1. Could you check how many residues of the range 19-49 are touching a strand residue (DSSP E or B) at 6+ places or on another chain (Cβ under 8 Å), in contact (Cβ under 8 Å) with a residue 60 or more places away in the chain and either farther than 24 Å from PHE168 by Cα or among the small types (Gly, Ala, Ser) (or both)?
2. Could you check the range 79-91 and list, in sequence order, the residues that are of a type outside the set (Phe, Trp, Tyr) and in a strand (DSSP E or B)?
3. From (1) out of contact with any strand residue (DSSP E or B) (no Cβ under 9 Å at 6 or more places or on another chain); (2) under 21 Å from ALA57 (Cα atoms), pick out the condition that doesn't hold for ASP166.
4. For MET1, only one of the following conditions fails: (1) open to solvent by 50 Å² or more (accessible area, probe 1.4 Å); (2) modelled with pLDDT under 90; (3) under 19 Å from TRP100 (Cα atoms). What is its number?
5. Could you check PHE30 against (1) assigned to a strand (DSSP E or B); (2) out of contact with any helix residue (DSSP H, G or I) (no Cβ under 9 Å at 6 or more places or on another chain); (3) surrounded by 15 or more Cβ atoms within 10 Å (Cβ to Cβ) and say which number it fails?
6. Looking at this structure, is GLN58 open to solvent by 10 Å² or more (accessible area, probe 1.4 Å), within 14 Å of the chain's Cα centre (by Cα) and not small (Gly, Ala, Ser)?
7. If only one of SER74, SER78 is among the hydroxyl-bearing types (Ser, Thr, Tyr), in contact with a Lys or Arg (Cβ under 8 Å, 6 or more places away or on another chain) and at pLDDT below 90, which one is it?
Amino acid sequence: MSAICEKLFCTPKDKQPKVRLHGFSDAWHFVRLSDICHRIRCKNTGEQCKQVLTIAAQYGLVSQEDFFNKNVASENLSGYYLLQKGDFAYNKSYSGDYAWGTVKRLDNYKQGVLSPLYICFRLDSARVDSDFLVYYFESKKWYKAVADIAGEGARNHGLLNISVIDYFNTIHCIPSIEEQKQIAWIMKTLSSKITQEQRMLNCCIAQRKYLLRQMFI
């Protein structure tokens, strides 16, 4: 999947991806993140939501309690951002595999709350396809946009020193909404196929173990 992402998406420096889909030839265009998304500022006033979220690089936006087997959030959740299903959040915490942090979409819950340490945003569906954005942020093509604003001394105690204003001013290269949807459909189809094949492989492995045990009874 990662290799396909690298071919279907591009950086602003590339101007267009290595592989174009059949039927699409229009130039990709440059946008600031603020052109296609807006920051979520809504706080969890009155603590209307108790579903505390965290960003796990491999699993996305998940329940903090399920992920850590305990709730490590503040007792007062009124200062947390209130997210709705389909919203995105950027985690500035970096690791070896995620050198410039991670961006994930809220898929598993109708709503949830997230620490103000994260940058949260909601897309403009008329300008960008939600699924396209999910797979774009799964690629490494957006890394340069963040690297360009980070500069010297960007890393501090495991966090990237990036301001909210600079983050929303990052430049990205995207195609028309029609091509975005086609790319997203291809990625979803491939992802579904890989998941099905992995399930079949797991079943075959389990069956093999069972048959081997029966041979030596």
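The values are calculated or read from the model by the stated rules, or taken from the named source; none is laboratory data. Here the structure is a predicted model, which is why all the values come from computation and not from measurement. Glycine also receives a Cβ, built like all others from the backbone with ideal geometry; neighbour counts cover every protein chain displayed. Protein only, heavy atoms only, side chains kept; ligands, DNA and RNA dropped before computing areas. Shrake-Rupley method; radii C 1.70, N 1.55, O 1.52, S 1.80 Å.
1. 1
2. Within the range 79-91, the subset of a type outside the set (Phe, Trp, Tyr) is 79, 82-87, 89, 91.
Of everything in the range 79-91, those that are of a type outside the set (Phe, Trp, Tyr) and in a strand (DSSP E or B) turn out to be LEU82, LEU83, GLN84, ALA89, ASN91.
3. For ASP166, the exception is condition (2).
4. With respect to (1) open to solvent by 50 Å² or more (accessible area, probe 1.4 Å); (2) modelled with pLDDT under 90; (3) under 19 Å from TRP100 (Cα atoms), MET1 is out only on (3).
5. (3) is the only condition that PHE30 fails.
6. Working: open to solvent by 10 Å² or more (accessible area, probe 1.4 Å): yes; within 14 Å of the chain's Cα centre (by Cα): yes; not small (Gly, Ala, Ser): yes.
Considered against the rule, which asks whether it is open to solvent by 10 Å² or more (accessible area, probe 1.4 Å), within 14 Å of the chain's Cα centre (by Cα) and not small (Gly, Ala, Ser), GLN58 comes out as yes.
7. Details: SER74 fails: in contact with a Lys or Arg (Cβ under 8 Å, 6 or more places away or on another chain).
Exactly one of SER74, SER78 is among the hydroxyl-bearing types (Ser, Thr, Tyr), in contact with a Lys or Arg (Cβ under 8 Å, 6 or more places away or on another chain) and at pLDDT below 90, namely SER78.
Listed here are the residues, each with its yes/no results for (1) more than 24 Å from SER2 (Cα to Cα); (2) modelled with pLDDT under 85; (3) under 22 Å from the mean Cα position of the chain (by Cα).
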position	(1), (2), (3)
LYS141	no, no, yes
ARG155	yes, yes, yes
ILE162	yes, no, yes
GLU178	no, no, yes
GLN182	no, no, yes
ARG199	no, yes, no
GLN207	yes, yes, no
